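The values are calculated or read from the model by the stated rules, or taken from the named source; none is laboratory data. Keep in mind that what you see is a predicted model, and the values were worked out from it rather than measured. Every residue, glycine as well, gets a Cβ built from its backbone with ideal geometry; the counts of neighbours run over all protein chains shown.
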Amino acid sequence: MIKLEGVVPVEEARRAFEMVLDLTKEHGVYSAGRWMQSPSRFGYPKPFRNALNLLSRAEEFPALIGAQLTPMIERLIGQPATPLSPGQQILFSLPSEDDWLVPSDAWHIDIPKIGEKASPGLQAFTFLNDVEPKGGATLVIAGSHRLANNAADLSSKNLKSQLQKEHYFKSLLDPKRAPVSNLAETRGSVHDVDLEVVELSGKVGDVYLMDLRLLHTPAPNCSDKARIMLTGRFPRTTIAAKYAGSEY
């Protein structure tokens, strides 16, 4: 997982942000200079969610995470890569009433494990507005890509079942565990692999690239503004062909 500062043209990111903002006003999610408050980290109106999905695919919406990243990703993984359908997606979360805590739920990978030590590809994230710590940024378990690489087509559910045999994951993914608000408390290890939860906060123009095997989850947004990011997945071309059009 690496952070690259200033990769995306800021003016294009700002243009994309304004298009999202227009949509929030149309759906009453942003009104009179204030954001709607959500009762949970996942909450916002379904019609607005559908509208966001349509906007991310619109021809006029800036392609900030697209084919222009492919050459960089191919150099990093040493293999041809292909953006996975549906392409870039908008990640959106409203300010919520939740306390900022490391979640025990919704940890996942976006494509199944393929039973290889080599990277299956990378996932990219970028920002349409600045996202400060505790502002809803995606959380990632750094180091988790190095575990459970001995089984092909291991889904998120099956991966978590396997990892929960280890004390680190049994504790982190336990819904009855004590609340964790300090990321330093998430440091640990499984065998010889060091693990910790990392928050993908950053500024407009920044890009994170992370291995597709890394477990990640949405975090509570305890700021006073919406968190608006884009993500896209760039698996190796052979893997992209396998999952094209499927519900992986």
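Scanning the range 37-70 for residues that are polar (S, T, N, Q) and part of a loop (DSSP other than H, G, I, E, B), which turns out modelled with the highest pLDDT? Walk me through how you get there before you give the answer.
Taking the range 37-70 as the starting set, the residues that turn out to be polar (S, T, N, Q) are 37-38, 40, 50, 53, 56, 68, 70.
Subset that is part of a loop (DSSP other than H, G, I, E, B): 37, 40.
Numbers: GLN37: 91, SER40: 77.
So, considering only residues that are polar (S, T, N, Q) and part of a loop (DSSP other than H, G, I, E, B), the one modelled with the highest pLDDT is GLN37.
Condition check: touching a strand residue (DSSP E or B) at 6+ places or on another chain (Cβ under 6 Å) and farther than 30 Å from MET72 by Cβ. Does PRO220 satisfy that? Let's see the steps before the verdict.
Values: touching a strand residue (DSSP E or B) at 6+ places or on another chain (Cβ under 6 Å): yes; farther than 30 Å from MET72 by Cβ: yes.
Yes.
Please verify whether the range 105-115 includes one or more residues that are within 11 Å of the chain's Cα centre (by Cα), of a type in the set (Phe, Trp, Tyr) and farther than 21 Å from ALA178 by Cα.
No, there is no match, as no residue in the range 105-115 is within 11 Å of the chain's Cα centre (by Cα), of a type in the set (Phe, Trp, Tyr) and farther than 21 Å from ALA178 by Cα.
So which strands (runs of 3 or more DSSP E) stay within the range 140-202 end to end and still have 2 or more residues that are charged (D, E, K, R)? Even if it seems obvious, please write down each step before you answer.
Working: elements: 152-154, 188-190, 193-199.
Filter on the range 140-202 gives 193-199.
List, please: which pairs have Cβ atoms under 9 Å, are six or more places apart or on different chains, and start with a residue in the range 1-24 that is aromatic (Phe, Trp, Tyr) and end with one that is in a loop (DSSP other than H, G, I, E, B) and modelled with pLDDT of 95 or more?
Listed by first residue and then by second, the contacts come to PHE17/LEU128; PHE17/ASN129; PHE17/VAL204.
Considering only the range 107-134, how many residues are closer than 16 Å to LEU214 by Cβ, surrounded by fewer than 17 Cβ atoms within 10 Å (Cβ to Cβ) and modelled with pLDDT of 95 or more?
Of the residues in the range 107-134, 1 are closer than 16 Å to LEU214 by Cβ, surrounded by fewer than 17 Cβ atoms within 10 Å (Cβ to Cβ) and modelled with pLDDT of 95 or more.
Working carefully through the options LYS157, LYS203, find the one that is at pLDDT below 95 and either over 30 Å from ARG14 (Cβ atoms) or not acidic (Asp, Glu) (or both).
LYS157
With out of contact with any Lys or Arg (no Cβ under 9 Å at 6 or more places or on another chain) and more than 30 Å from VAL180 (Cα to Cα) as the only criterion, which of ARG75, ARG49 stands out?
The match here is ARG75.
Please give the number of the condition ILE73 fails out of (1) crowded, with 20+ Cβ neighbours inside 10 Å; (2) in a loop (DSSP other than H, G, I, E, B).
(2)
Conditions tested, residue by residue: (1) among the aromatic types (Phe, Trp, Tyr); (2) under 17 Å from the mean Cα position of the chain (by Cα); (3) under 24 Å from ARG41 (Cβ atoms).
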| site | (1), (2), (3) |
| --- | --- |
| LEU159 | no, no, yes |
| ASP194 | no, no, no |
| THR217 | no, yes, yes |
| ALA240 | no, no, no |
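Is it the case, given these coordinates, that ASN129 is of a type in the set (S, T, N, Q), without any contact (Cβ under 8 Å) to a residue 40 or more places away in the chain and in a loop (DSSP other than H, G, I, E, B)? Reasoning before the result, please.
Numbers: of a type in the set (S, T, N, Q): yes; without any contact (Cβ under 8 Å) to a residue 40 or more places away in the chain: no; in a loop (DSSP other than H, G, I, E, B): yes.
Here the answer is no, as ASN129 does not meet what is asked.
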